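Report on one structure; see the data block that follows.
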Amino acid sequence: MSNGTTDRVYQEIRNLLRSGDIAPGQRIPNERRLAEMNHASRAQVRDALLMLQQDGLVERKIGSGTYLSMRAPQIIELAEAHVAMSPERSHDFHETLEARLMIEPPVAARAAEAPTREFVAELDAALERILDAPTWLQFKEEIYGFSRLYYVEAGNGFLCWTFDQIVSTRRANKFDGGTEKAPVANLVRKHFHERLSRIAEAIKSEDPDRARLEVEGFLVGMAASSAL
């Protein structure tokens with residue numbers, strides 16, 4: 001049962017998870033250590049962990065410990081941006097994502113065939129901006145800006161225009177976020193930076209097949225997070 005102390009411990013542990021110091025799939029401190037860190041009893045920590053498990057943020061494995069779930073970045077992203085998809089917004093999101101899945105992997109593959117030094121430098125700069133974006137909306141803008149770079153590099157003006165229309169649709173809905181100045185949890189920031197860095201590395205390696213697969217995996221992951 002939740003009480004004031006349990007709620008406090010829940011929030012403290014949640015803050016630890018969102019800090020990004022623990023990676024998805026990594027074991028978190030045990031109950032005794034969490035109790036010491038939060039000046040609480042092990043029973044209160046156990047109740048807080050149960051609440052976090054119900055949120056989908058942790059997974060408890062008998063005889064092994066408690067682990068940060070692989071879905072934690074997406075769950076925290078949706079929760080902290082106060083995302084509330086209306087049927088119309090959900091429709092927009094899934095249709096635009098479906099369109100991206102149709103065209104974006106081959107676009108990235110084409111961009112990876114012979115990337116210019118300028119393009120590679122722009123990818124690196126975009127990744128840095130993702131790490132530095134101060135608000136959730138700016139964070140989303142930078143993520144879409146990263147993807148737009150390989151549309152430009154692919155050299156097809158119509159596809160660039162198509163992608164811009166997709167982003168315009170998402171931007172009109174504030175990327176389905178309810179708070180313009182919502183913060184970005186470090187866990188979420190690191191997750192997206194890691195996934196997009198893998199795309200950048202595939203392009204830098206001039207590996208079209210890998211670039212295609214990395215972009216496809218990234219977009220499929222976004223689709224999965226929207227279904228949480």
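Checking the structure you have, find out if any residue of region 79-91 is modelled with pLDDT of 85 or more, assigned by TED's automatic domain parsing to the domain that holds residue 140, in a helix (DSSP H, G or I) and not aliphatic (A, V, I, L, M). Break it down stepwise before answering.
Of the residues in region 79-91, the ones modelled with pLDDT of 85 or more are none.
No; the residues of region 79-91 include none that is modelled with pLDDT of 85 or more, assigned by TED's automatic domain parsing to the domain that holds residue 140, in a helix (DSSP H, G or I) and not aliphatic (A, V, I, L, M).
Assess whether residue 188 counts as being assigned to a helix (DSSP H, G or I), over 24 Å from residue 109 (Cα atoms), in contact with a helix residue (DSSP H, G or I) (Cβ under 8 Å, 6 or more places away or on another chain) and at pLDDT 80 or above. Quick ask: steps written out before the conclusion?
On the way: assigned to a helix (DSSP H, G or I): yes; over 24 Å from residue 109 (Cα atoms): yes; in contact with a helix residue (DSSP H, G or I) (Cβ under 8 Å, 6 or more places away or on another chain): yes; at pLDDT 80 or above: yes.
It is true that residue 188 is assigned to a helix (DSSP H, G or I), over 24 Å from residue 109 (Cα atoms), in contact with a helix residue (DSSP H, G or I) (Cβ under 8 Å, 6 or more places away or on another chain) and at pLDDT 80 or above.
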**Fill in**
residue 110 fails exactly one of (1) under 17 Å from the mean Cα position of the chain (by Cα); (2) modelled with pLDDT of 95 or more, namely (1)
**Complete:** The residue from 149, 213 that alone is touching a Phe, Trp or Tyr at 6+ places or on another chain (Cβ under 8 Å), in a helix (DSSP H, G or I) and either modelled with pLDDT under 90 or not β-branched (Val, Ile, Thr) (or both) is 149
**Asked** So is residue 23 under 29 Å from residue 139 (Cα atoms), part of a loop (DSSP other than H, G, I, E, B) and either modelled with pLDDT of 85 or more or not charged (D, E, K, R) (or both) or not?
**Response** yes
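The values are calculated or read from the model by the stated rules, or taken from the named source; none is laboratory data. Every value quoted in this text rests on a predicted model; they were computed, and no experiment measured them. Cβ: placed from backbone, ideal geometry, glycine included. Neighbour counts: every protein chain shown.
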